[in-house]
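Following: one structure in C-alpha cells, then a few remarks.
The values are calculated or read from the model by the stated rules, or taken from the named source; none is laboratory data. As the structure is a computational prediction, the values presented were derived from the model and not from experiment. A quick note on method: Cβ atoms are made from the backbone with ideal geometry, for glycine too, and the neighbour counts reach across all protein chains shown.
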C-alpha cells in the first residue's frame, strides 16, 4: 500500500477518417478520463483543426482541467490526449503533455508513456549541433530527434523509425502531424498500446478501457516494435521487430497486472481482473493461513483478495473503507501528518473485525508505511490477529521504465528478510506470492514479462546514473 508505485502515464489518440464528427475533443476527454488512474498530475489535449493545432493542458485531474468551454473550442478531426505522472526530473507547466513544435515539415505533437534511458546523452549531443531545449522532459528530446531525422528521411514514419534506433528505454507514444496520427510501441513492448475503432474513427490508447467508455471496439494490441499510422485511408503498419516474433519476444511490464492497469482492461491477450484473481488463488496455495475473514486493501487488492478467499475457502468480507475524497497528493511531510492522512483515507468497520483473525490481501508492498498503519488500525478496532498476504513478490529494485517507485535504499525487501519486514509492519504473519505464481496468473498472455522490480533483470538496460542499484541486465 503506500508510497505506492506512481502509475506512469496514459495516452489516447483518435482520427475521424471522414472528418464529420464534431465531438472529437469530447471523445478524447472521455478517453483520458478513463485513463485517469495512470496519472493524476496533469492532463492535456491537442486537436488538429484543418492543419492548425489547438491545445489545452494544465496541472490537475481531467475533470478539473477541462470544461464545456474548453472542449467547445477544441474542434477538429483528430486529437491526442495525455494524463501524466511526472518523472522525478520533471516539474513546471512546460512538461505537461501533449507537447507540440513547428518544424520545416509542419506541426508535430507528441504524447508519451514511458521513460527514455539515454535522454540526457541524446540531449547533450543535440545541443552540440544547435538544438535548443525548453524543458528537462524526455519527450522534448524525442520531438527534437524526429524533427532532425525528418530532414534526411522521406516520411515521418521513417524519421520515427530512425529515432527508435537511437533511443533506449520503455515507451508507448503517439505522434500527430497535419494529416495523420502515429502510434509507436517500444521493441520489447514494455508499455502497452491498443488499437480500436468506432464508426469511421480509429483510436489508440494505453488501455482498452478507454474504448469501452466511448462505445468503441478493440481491434488488437499494437505489437512490440510496431509503428502504426492512422490516416483518412485507414491504418497501416511498419514492423521494426519481425511480426511473427514481436509478441513472443515481448517483455510487457508485469506491474500492469499487479497494480497499474484498470481491472476491466485486457492487455496482450490477458484479462487484468482475471490475472489478479488467479494471483490471489496462487497466493492462497503458496501462503495458506488459519483465519476467519479475508479482506482487501482497497481498491487494488480486491481482485486478489477474492481469489484468495475462493481458493482458501475463508469468507471474503469488507473491513476497510476508503475515503474517495482524499487525493493522492494529500500526504504531507511530517510523520504525524502522514498518519493523519492514512486515518482520513482509510477507516475500519469495527463490527467486521472485532475478535476475528483477519487476512488482509494487498497487491504489493513497496515501503510499507501505510500498510503498517492499517494493520495497527485493525488491531485497535479489536482484530484478534492480522495476517498480511501480498499478491506480488518482494520489491527489491527500483523501476527505470516509466513507473516512479522508491529509490533502492528505500525498499525494505532489498535489505530485510520477510520475517524482519513482518516485524516492521506489525503483522502476525507475512506471505508473498512467488514470481512463478504471479507470471502463471497471466493466462493467455501473448507477451512475456519484464519483472525487473522483483528479479533485477532489466531487459532494456539501465541508465548510466543507476550505479550499483541494479545488478544485471539482458
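Annotations
- Only one of 105, 125 that is surrounded by fewer than 17 Cβ atoms within 10 Å (Cβ to Cβ) and in contact with a helix residue (DSSP H, G or I) (Cβ under 7 Å, 6 or more places away or on another chain): 105
- Meets criteria (under 25 Å from residue 202 (Cα atoms), touching a helix residue (DSSP H, G or I) at 6+ places or on another chain (Cβ under 6 Å) and at pLDDT 95 or above) for residue 53: no
- Answer residue from segment 1-17, given it is touching a strand residue (DSSP E or B) at 6+ places or on another chain (Cβ under 8 Å) and at pLDDT below 95 and is farthest from residue 397 (Cα to Cα) among those: 9
- Residues that are assigned to a helix (DSSP H, G or I) and touching a residue at least 60 places away in the same chain (Cβ under 8 Å) were ranked within segment 342-366; the one that is farthest from residue 396 (Cα to Cα) is 353.
- Among the candidates 213, 205, the residue that is closer than 17 Å to residue 37 by Cα, surrounded by 24 or more Cβ atoms within 10 Å (Cβ to Cβ) and at pLDDT 95 or above is uniquely 205.
- The combined condition, being closer than 20 Å to residue 241 by Cβ and either within 24 Å of the chain's Cα centre (by Cα) or free of Cβ contacts under 8 Å to residues at least 24 places away in the same chain (or both), is not fulfilled by residue 132.
- Checked against (1) farther than 27 Å from residue 37 by Cβ; (2) in contact (Cβ under 8 Å) with a residue 40 or more places away in the chain; (3) surrounded by fewer than 19 Cβ atoms within 10 Å (Cβ to Cβ), residue 160 passes all but condition (3).
- Which listed residue is in a strand (DSSP E or B) and either surrounded by fewer than 22 Cβ atoms within 10 Å (Cβ to Cβ) or at positive phi (or both), from 167, 219: 219
- If the condition is being under 21 Å from the mean Cα position of the chain (by Cα) and either in contact (Cβ under 8 Å) with a residue 60 or more places away in the chain or crowded, with 22+ Cβ neighbours inside 10 Å (or both), then segment 281-314 contributes 297, 300, 301, 303, 304.
- Residue list for segment 128-157, filter: surrounded by 23 or more Cβ atoms within 10 Å (Cβ to Cβ) and either in a loop (DSSP other than H, G, I, E, B) or not assigned by TED's automatic domain parsing to the domain that holds residue 241 (or both): 137
- Any hit, segment 255-263, residues being outside the structural domain of residue 115 (by TED's automatic domain parsing), farther than 17 Å from residue 460 by Cβ, touching a residue at least 60 places away in the same chain (Cβ under 8 Å) and in a loop (DSSP other than H, G, I, E, B): yes
- Hits in segment 267-293 - residues which are under 22 Å from residue 187 (Cβ atoms) and either in contact with a strand residue (DSSP E or B) (Cβ under 8 Å, 6 or more places away or on another chain) or at pLDDT below 95 (or both): 267, 268, 269
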